[in-house]
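The values are calculated or read from the model by the stated rules, or taken from the named source; none is laboratory data. Values in this document were obtained by computation on a predicted structure and should not be read as measured data. Glycine gets a Cβ as well: all are built from the backbone with ideal geometry, and neighbour counts include every protein chain shown. Note: accessible area is taken over every heavy atom of the protein model, side chains too, but ligands, DNA and RNA are not part of it. Shrake-Rupley method; radii C 1.70, N 1.55, O 1.52, S 1.80 Å.
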Amino acid sequence: MEQTNYFIKLFVGSIALLLLIAASSCTLSSSDKINLSGTWEYTYSQKGYESIQTVLAKDFYPLPPTSLNSLSIFLPEKTGFLWLKYTVPIERSFIIQNPQLALYLGRITMADETYFNGVLIGSEGRFPPNVFSAWNKFRMYRIPQEIIKYNEFNTILIKIYIDKEGSLTGKPFIASISTAQQQYAIDTFINSTVNLIASGIMLIAGIYHIIIWLKRKKETESLYFALLNILGAIYLSNFYLYDTFLFNAFTIDWLWFQKIIANMLIYIIGYIICNFIISLLKLREYRIFQILRLLLLIVPIVWILIIPDYSELYNKRLYLQLFIIPVIFYILGLVVLSVIKKNPAGRIVIFGMIPLFTTSLFDIIIHSVFKMYDFPYLAGFGFPLVILSIFFLLASRFASSLTEVEELNLHLEDKVKQRTAELQNANQQLSETLSQLREAQYIAERDLKMATYVQTSFYPKAAPQTKYWTTGYFFKPAAAVAGDLYDFYVKNNELHGVGIFDVSGHGIASGLVTMLAKTIIFHNFSEHISKKLHEVLAIINNQIIKNKGDIENYLTGILLRINEYIVEYVNAGHVDLLFCNGATGTVIPVVDEKNQAKGMFLGIPDLPCEAHTLRFKVKPGDILCLYTDGITEAKNPKGEMFGENRLYSLIERNKMLGAEDIAETIQKAFIAFKQDAPLTDDATLIILKAK
C-alpha cells in the first residue's frame, strides 16, 4: 500500500514538474523589449569566408516565419553557410531607458557568427574544418552602445553553418542585458543545467550500485542499473558539454562525439536496460533472444563506425533508429510478461516509466497540437527521470527490506525462543519416528534374512551326477530374495527331469511365489508321471493360479522329463532350450517345425497355457542348456548386453568339458563381462551333458 502511494506521488510530481517547466519556459513578458518577429531575409554561400560588404551586396530573399526551424531546405545540398538578415529601428528613448542592450536569439544549429551593423558581437560553435555544433547553446550577445544607430534601421546579420540540419529556435528579441540574462538563465537551466545535475546524480547512483554489487555479486540487477546510470550520465553530456570546461580543455571531434555519445550509446543503453529488467524480474531468457539482442546491438554500432562523415550519419539516422524499435517492443513485452505473472518487481519498472511516458505525451501536445516550436522538448528529461525514478523505487524497496530486518532483529529473541521450542518438539518427534523406523528396519531385515534362508534351503545344494547324465549349474540372484527357480528331479540315483522357471517382478512377493511354485511343480511332476508333460504343465498352472490368490506375479519356465536318452520338453513362455551337438559343436534352440511347442505364461487367470510337448533323443556327448534371460540381458559398465551369441560360443568352445566345468567356465566369463555393473535380474543357468 505504501509503495502504491509512492507511485501516485511520483506521477503527480511528474505532472507538477512539467507544469513548472512550462510556466518558466515561456518567454518573459517585458515592455522593455523589441521582438524581432518581422520578416527575416536570407542568402546562402558555400565559401567559409566572405566580407560583410560582399554579403550585404547579395540578393536577400524573404524567409517564411515558420522556416526558422528548418533552415537546411534553403541550401542546394543542405550543406553550407546561410546568412540571415533582419533590420530593426531602435529609438533613442529606448536606449536612454536601457543603456546596455543585448541580442537574444535562442538556440542556433549548428554554429554561428552574429554581426550587428557589420560588427561581430558574438559566435558559438565551430565552423569547418573543425566543426562542432552548439545546438543546445542559447545565444545572448551584448550590443555595444557605440555601434547602435538611433532612430534608423540597424542590421542584424547571422552567419550559420548548416550540415543537413540548421535552425534558429526561439523568439529573438533585443532588450536590456538584465532582461536577456534572465531569459538566458531560465532556458539554459531547463535545457542544459538540469541535465548536468541529473548526470551528477546518476553518476553518484551508479557508483552507489557498483558498491552494492561488489558486496552482493549475485544481484546482477545492481550492476546493470549502475551501468545504466553511468552510461545515461555520459549520454546526457550531449545536452551540456558545450557549456562545460571540457569543451575548451579538449579538442573534441563533432563526428566522433555524435557517433559515440549521441548514437552508439542509445543501443548500448537499450541492451543493458533489457539485461536489467530480465535480472530484476528474475526471468529466464531463451538463447535465440540473447543472440537477436546481441545482433541488434552489434550491427548498428558497426554501421555507425564505418560512416565517413556527419552528412551520411544524419541521412542514415532514420534507418539506424529502426534497430532500437524491436528492443523497445521487447522491453514492453518483458514488462507485460511480469504483469501477467504478477511479479512484484514488474511494478517498479512500470511506474518507473511514468516520467518518460508523461514527458513524451507532453511533447506531442505542445509541439503537434499547440505548435509551440520554441518550447523545449521534455522527452529528453524522460530517460534520466526514468533512471532516477527506478533508483528511488529500488531505494524504497531496500529501505523496506531494511525495516523488516530491523523488526526481525527487534523481535529476534522471542522468535529464537519460539523456533527453539518448535525445533526441540520436532527433534523429539523425529527421534521417536527414527526409533520406529529403525525397529521397522530391523524387523524387515530379520524377515528378509529369514526369507532368504528359507528360499535358499529350497534349492538343490549340488548338481546331481547320474548314470546317463552329468549336470552343472550356477545361480546368481540380483537381490537377497530371488525370483528364479530351478530344480532337479532325481529318483533312485537316476535323473528323471529338470525345471527352470522365472517369476516376474522382484522382492518378497516374487520370492514367495518361487517357493509356492517349487512345491506345486515337484508334487505334480512326481504325481503324474503317466500323463503327457504338457498336461502336467496345465495342472501346475491351475494350481499356481488357485494357490497364489491375488498376487499378480506370473511365471515363465521350461520343464524336462528324461528317460535315459529320451527327453520330453515343454516351454511356458520362456527362452528356448539350447541343444549342442556333441559331434559337431553346433548350438541351436530346440523348437518344432511350426514353433508351436512354446506355450503361454503360468499363473495368469483365464489364460490357458496351451503348451505342446516335444520329444527327442540325444546321444552321448550332446549338451542341453537351460537358462533365464538374466544371463543374456546382463549388461557391462558400457551398457553392452552379454547376449545369446556369446553364450552359444562359450558352449561350442567348451563342449569337450564336463557339465560342471562348462557351467563354471560360463560363470567366470559372465562375471568377467559384467565387471562391477549391478545385476538387474536373477541369472540362472543349467548344463546337462549326456554320458
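If only the Cβ of Lys and Arg carry +1 and only the Cβ of Asp and Glu carry -1, the dipole of region 552-691 around its Cα centre is close to 560 debye. In region 174-327, Cα pairs under 8 Å separated by at least six residues give a relative contact order of 22 percent.
Dividing the mean sequence gap of close Cα pairs (under 8 Å, 6+ apart) by how many residues region 83-126 holds gives a relative contact order of 23 percent.
Summary value for region 571-620: 35 percent relative contact order, contacts being C-alpha pairs under 8 angstrom separated by 6+ residues. So which of Lys78/Lys171; Lys532/Lys689; Lys617/Lys689; Lys532/Lys598 end up more than 19 Å apart by C-alpha? Over 19 Å apart, Cα to Cα: Lys78/Lys171; Lys532/Lys689. Loop-resident GluC sites (Glu not before Pro) (DSSP state other than H, G, I, E or B) in region 114-200 with no more than 13 further Cβ atoms inside 10 Å of their Cβ: Glu152.
Loop-located chymotrypsin sites (Phe, Trp or Tyr not before Pro) in region 176-270 (DSSP state other than H, G, I, E, B) with a sparse environment of at most 16 neighbouring Cβ atoms within 10 Å: Phe250. Strictly over 29 Å apart at the Cα level, which of Lys137/Lys316; Lys47/Lys316; Lys546/Lys668; Lys33/Lys159 would you flag in this model? The answer is Lys546/Lys668. Note on region 32-86: Cα Rg divided by 2.2 N^0.38 Å, N the number of residues, gives 1.22. Restricting to region 75-180, what percent of DSSP beta bridges are antiparallel, rounded to 5? Roughly 95 percent of the DSSP beta bridges within region 75-180 come out antiparallel. Among 324-331, 171-178, 655-662, the peptide with the highest mean count of other Cβ atoms within 10 Å heads the list, and the full ranking is 171-178, 655-662, 324-331. The simple Förster model, with R0 at 22 Å and r as the Cβ-Cβ distance, assigns Lys617 and Thr519 a FRET efficiency of 0.10.
In a DSSP loop and with at most 15 other Cβ atoms within 10 Å, the trypsin sites (Lys or Arg not before Pro) in region 192-233 are Arg216, Lys217, Lys218. Of the peptides 567-579, 605-617, the ranking by mean beta-carbon count within 10 Å, highest at the top, reads 567-579, 605-617.
Treat region 129-204 as a sphere of radius equal to its Kirkwood radius over Cα pairs and apply Stokes-Einstein at 4 °C in a medium of 1.567 mPa s; give the translational diffusion coefficient in µm²/s, rounded to a whole number. Diffusion coefficient, whole number: 83 µm²/s. Over region 112-203, give the accessible area per residue in Å² for a 1.4 Å probe, as an integer. Accessible area per residue: 38 Å². The calculated pair-distance distribution of region 28-169 uses every alpha carbon pair, bins of 5 angstrom beginning at 0, and gives 2, 9, 20, 23, 21, 14, 7, 3, 1, 0 percent. Distance between the C-alpha centres of region 209-254 and region 605-619: 89 Å, rounded to the whole angstrom.
Can you give the FRET efficiency for Ala262 and Gln290, using 1/(1 + (r/R0)^6), R0 = 35 Å, r = Cβ-Cβ distance, to the nearest 0.05? Mind showing how you got there, number by number?
Values: r = 27 Å, r/R0 = 0.77.
Calculated transfer efficiency: 0.85.
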